[in-house]
Structure formats: structure tokens, C-alpha cells
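To start, the structure itself, in C-alpha cells.
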Amino acid sequence: KQEVTQIPAALSVPEGENLVLNCSFTDSAIYNLQWFRQDPGKGLTSLLLIQSSQREQTSGRLNASLDKSSGRSTLYIAASQPGDSATYLCAAAPTSGTYKYIFGTGTRLKVLA
Amino acid sequence: DGGITQSPKYLFRKEGQNVTLSCEQNLNHDAMYWYRQDPGQGLRLIYYSQIVNDFQKGDIAEGYSVSREKKESFPLTVTSAQKNPTAFYLCASSPQFGGSFGYGYTFGSGTRLTVV
């Protein structure tokens with residue numbers, strides 16, 4: 001059964017720092033992996049979607065990588081800003097079973113001004 | 001712009017009462033999902049629907065019911081049988097079911113349900 005883990009659960013960094021958020025999954029047989037951002041009391045906003053055949057995707061200051069063989073994805077945020085403060089979740093879509101996305105519990109990021 | 005609309009944003013339920021959460025999408029997506037989010041826990045799947053007039057139980061379906069009479073709409077009813085309904089409820093959709101065929105999920109803004 002696919003399990004998705006995000007460590008650390010919380011992270012505080014000073015403004016301007018480059019940072020990496022980690023997402024690990026136990027079964028490498030995935031269709032794709034999606035990164036989301038969630039602000040307090042809000043829904044999930046899609047940031048990046050990486051297909052299984054891709055190694056990375058970029059959007060502005062965000063870069064997500066995927067290494068299926070090691071069961072890892074990382075979300076790189078360049079030059080962090082206070083507005084980046086939110087919870088970041090990853091979700092993996094397995095190729096077997098019912099194909100439903102499996103979500104991690106998220107990393108709560110706080111960028112200090 | 002296309003998207004998913006959840007209403008209401010806040011909902012209060014009295015003990016023994018059924019309440020219905022609305023989810024409407026104009027993305028022409030076939031699949032829709034309901035998730036429950038509790039503090040410190042990941043998203044848990046309540047129900048999902050691959051196509052109109054079809055739906056399946058997720059991991060925590062007890063005390064909930066759904067219908068899918070129209071492609072655009074997937075309402076969730078929280079029944080009195082749900083003993084701990086206070087949570088944040090999220091609706092999502094995808095062009096095709098699950099993460100297959102390379103499509104991701106789009107989420108609504110959520111409904112916060114509180115038992116009073």
C-alpha cells in the first residue's frame with residue numbers, strides 16, 4: 001500500500017533563504033506526483049504536477065523534482081518570501097489499485113520577515 | 001474562469017441533524033471527490049465518483065452519503081450517524097478518475113463544519 005511522508009512537519013526560515021521541502025513515497029509505481037499549497041482555512045492550490053516520465057517541473061521560483069527509483073520528490077523554493085508561508089502537501093497517484101491520489105500530511109512553512 | 005465552488009464556507013450542525021455540503025464544478029471533469037481534513041492529519045477520502053450516477057465509498061464513508069445526478073454537482077450529506085463531524089471538508093475533481101492519464105486534481109475552497 002502506497003504511503004506518502006513529508007518531513008519535517010514544520011519549518012521556519014528567514015526571508016530570502018532558498019529551501020527544500022521533501023516528499024517520500026513507498027511505491028515507485030506512480031503515474032504522477034502533485035504539489036499543493038494550502039493557506040490556513042483555505043482549499044488546496046495546485047503548484048506543480050510532475051508526470052512519471054519527467055524528472056522536474058518549474059514554475060517561477062518553484063522547482064519540483066521527481067526520483068521514482070528512490071521514492072522521493074523535492075520542492076525547491078528560491079528566495080523565499082513571507083508570502084510563501086503556508087502548508088505544502090504532496091500527493092502521489094499509484095498505477096495499481098484504484099489509482100486514487102495518496103496525500104502526505106504536509107510541511108508547514110513559515111518565512112520570517 | 002473554471003473552477004470548483006463549495007458552499008457554504010462555514011456550517012453549524014446541531015446534534016442529530018443532517019446537513020448537506022454543496023460542491024459544483026464547471027471544469028467538465030468526470031471524476032469528483034470528497035475529503036475530510038482534521039488538524040495534524042492528512043486528507044482522508046470519504047466518497048468519490050468516476051462518472052454521473054456512480055459513486056464509491058472511500059476510506060471513511062460511515063456516516064456520510066453522496067449523490068451524483070449531474071456531472072457538475074457532487075453534494076455530500078453528513079448524517080446524524082457521523083459521531084465526530086467537526087472538520088474541514090474539501091471537494092476535488094479531475095478530468096479522469098484518479099491520477100491516471102497524467103491529470104492532477106483541482107480543489108475547492110472548503111467548508112468548515114462545526115457541531116454545536
- If you look for lysine pairs in chain A that are eight or more places apart or on different chains, how many of them have Cα atoms under 18 Å apart? 4
- Distance in nm between pseudo-label sites at B:ASN26 and A:GLN81 (7 Å out along the Cβ direction from Cα): 2.9
- Message: Under 8 Å for C-alpha pairs, at least 6 residues apart: give me the relative contact order for region B:47-116, rounded to a whole percent.
- Response: 23
- Bin width 5 Å, alpha-carbon pairs only: give the P(r) of region B:7-116 as whole percents, running from 0 to the bin holding the largest distance. 2, 13, 24, 26, 19, 10, 4, 1, 0
- Query: Ordered by packing density, taken as the mean number of other Cβ atoms within 10 Å over each peptide's residues, highest first, how do A:8-16, A:73-81, B:36-44 rank?
  - Reply: A:73-81, B:36-44, A:8-16
- Charge tally in the Cβ shell below 10 Å around A:ALA79, where Lys, Arg are +1 and Asp, Glu are -1, A:ALA79 excluded: -2
- Query: For chain B, modelled as a GNM with alpha-carbon contacts under 10 angstrom, which of B:LEU21, B:LEU11, B:LEU76 fluctuates the most?
  - Reply: B:LEU11
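Give me a single rounded figure for A:50-62: the average over its residues of other chain Cβ atoms within 10 Å of their Cβ.
The mean count of partner-chain Cβ atoms within 10 Å per residue comes to 1.
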- Note on the structure: A convex hull over the alpha carbons of the protein assembly as shown yields, per residue, a volume in Å³ of 121
- Note on the structure: In this structure, the FRET efficiency calculated for A:GLU56 and B:ARG44 from their beta-carbon separation, with R0 = 22 Å, to the nearest 0.05, is 0.15
- Restricting region B:55-116 to trypsin sites (Lys or Arg not before Pro) in coil, as DSSP defines it, with at most 11 other Cβ within 10 Å: B:LYS83
- Note on the structure: Spelling it out for A:LEU47: with amide H atoms placed in the peptide plane at 1.01 Å from N, the residues 5 or more places away or on another chain with amide H under 5 Å from its amide H are A:TRP35, A:PHE36, A:ARG37
- Query: In whole percent, what relative contact order does region B:1-78 give with Cα contacts below 8 Å and a gap of six or more residues?
  - Reply: 29
- Note on the structure: Semi-axes of region B:4-47 from the Cα gyration tensor (sqrt of 5 times each eigenvalue, largest first, whole Å) come to 21, 16, 10
- Query: Relative contact order for region A:34-102: what is it in percent, counting Cα pairs under 8 Å that are at least 6 residues apart?
  - Reply: 29
- Could you compute the FRET efficiency for A:SER12 and A:LYS42, with r as their C-beta to C-beta distance and R0 at 22 Å, rounded to 0.05? 0.60
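Every number in this text was worked out from the coordinates using simple rules, so none of it is lab data. Here the structure is a predicted model, which means the values were calculated and not measured. Cβ coordinates were reconstructed from backbone atoms using ideal geometry, including for glycine residues, and neighbour counts include every protein chain displayed.
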